[in-house]
1. Using 7 Å Cα-to-Cβ label points, what is the LEU281/GLU78 separation (nm, one decimal)?
2. Search the structure for amide H atoms under 5 Å from the amide H of PHE184, placed 1.01 Å from N in the peptide plane, and list their residues when 5 or more places away or on another chain.
3. If you stretched the chain out fully between TRP206 and PHE185, how much longer would it get, using 0.36 nm times the residue separation minus the C-alpha to C-alpha distance?
4. Distance in nm between label sites at GLN306 and TYR248, each 7 Å beyond Cα in the beta-carbon direction?
5. Would you calculate the separation in nanometres between label points at ALA124 and ASN25, each defined as 7 Å from the Cα along the Cα-to-beta-carbon direction?
6. Sorted by mean Cβ packing within 10 Å, highest first, what order do the peptides 309-318, 6-15, 113-122 take?
7. Label point 7 Å out from ILE36 along Cα-to-Cβ: which residues of the stretch 99-134 have amide N under 14 Å?
8. With r defined as the distance between the Cβ atoms of ILE7 and ALA164 and R0 fixed at 25 Å, what FRET efficiency is calculated, to the nearest 0.05?
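The values are calculated or read from the model by the stated rules, or taken from the named source; none is laboratory data. Just so it is clear, the model here is predicted, and its values are computed rather than measured. Glycine also receives a Cβ, built like all others from the backbone with ideal geometry; neighbour counts cover every protein chain displayed. For accessibility, only protein heavy atoms count, side chains too; no ligands or nucleic acids. Shrake-Rupley method; radii C 1.70, N 1.55, O 1.52, S 1.80 Å.
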Amino acid sequence: MDAVYRILGLPLGYVMWACYQIVNNYGLALFVFTLIIRAILFPLSLKQQKSTIKMQLLKPQMDELQAKYKNNREKLNEEMMKLYQKEGYNPASGCLPLLIQMPILFGLIEVIYRPLKHILHLPADIIINLETIAQSLHPDKIRNLGGLNSAQITVIQDVQAGNAAYNAAGAGIVRQISDFKLDFFGMNLGEIPQLGMFGDILSGIWNPVLLIPIISGISALLVSVISMRVMPSTENTGANASMKGMMYTMPIFSLFIAFQVPAGVGLYWCYSNLFAMAQSLILNKYYNPKEMAEKARAEHAERQEQERLERIEAKKRAKEKGEETEQKSMSQKEINRRKLAEARKRDAERYGETYVEVTDEDLR
């Protein structure tokens, strides 16, 4: 797992380093970092929105197929695939932004756990020595997460607290670490929020870092609520239950993760949720799935009515054509009748025979 963190954290580390060089503040650097990531992912989010709309446009046809082949699952799947291929729709395309978010989160965790490497760019051998000192001084304080540990964050906190144990690394290194700003509005972004801190509140001790997990969970819930409101309603109770389950699961997941990692990760999640809300409002103004679904249903109903009228008109034309053909056929029959009657009259006069009326049998 540590190798995964390192691989994902390498490119993101350079992005975070560049952000810190611009603003020289860890909290603001995370803001700029989140803005850049959201901008990079925006085309995928737009594609996801269009995919949702495409699905709503196809829903009337999908409902017809489900009603037609409700007792033949294999045929239904086959016809669904044909419909997807015909319309150029990929049901899995809407999941891509969500899948990409996880590697970014893992990479960011690596960056935040190892700021000496990714942001200060200290030599590897010096980092190892500093981590060794931190682990010897605080064997119970340093927490581990899938191969990562908070040793580098502990080094920063110790150096900035004036701990002389790290002076052997050199005055330049100590000064560089001392100047590194992990605080943001009174919150130590290198600190890991813990549930036990709520007990301190009762004792009159308030640690503002507790706000980050709380804001993270609330903002995740708001993102889910906004997404639910703009999505068109569906009669599929299973789909409704799944969407409602996600609406409550994601905030709980955000809250849980924010209590397991340094506050900087939780702050990133807060920023990301705020950007997601703004992005959702903007996209839904121009690409609103609910409005598109209503428009699709109206167009489908109008198309069905038009097809019904065309079928009625086609039957009417077919009937008129049949009657016209019958009339033509009867006219020809009458002509033949008259010709045969005239011929019989001539023969009757010529040979003195009795004239016999022409019957239908004679015309066959």
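1. 5.0
2. LEU189
3. On the way: separation 21, 0.36 × 21 = 7.56 nm, distance 1.37 nm.
Extending this stretch completely gives an extra 6.2 nm.
4. Label at GLN306, label at TYR248, 4.5 nm between them.
5. 3.5
6. Put in order of decreasing packing, that is 113-122, 6-15, 309-318.
7. Counting backbone N atoms under 14 Å from the label point, the list is 108, 111-112, 118-120.
8. Details: r = 36 Å, r/R0 = 1.45.
Efficiency at R0 = 25 Å is approximately 0.10.
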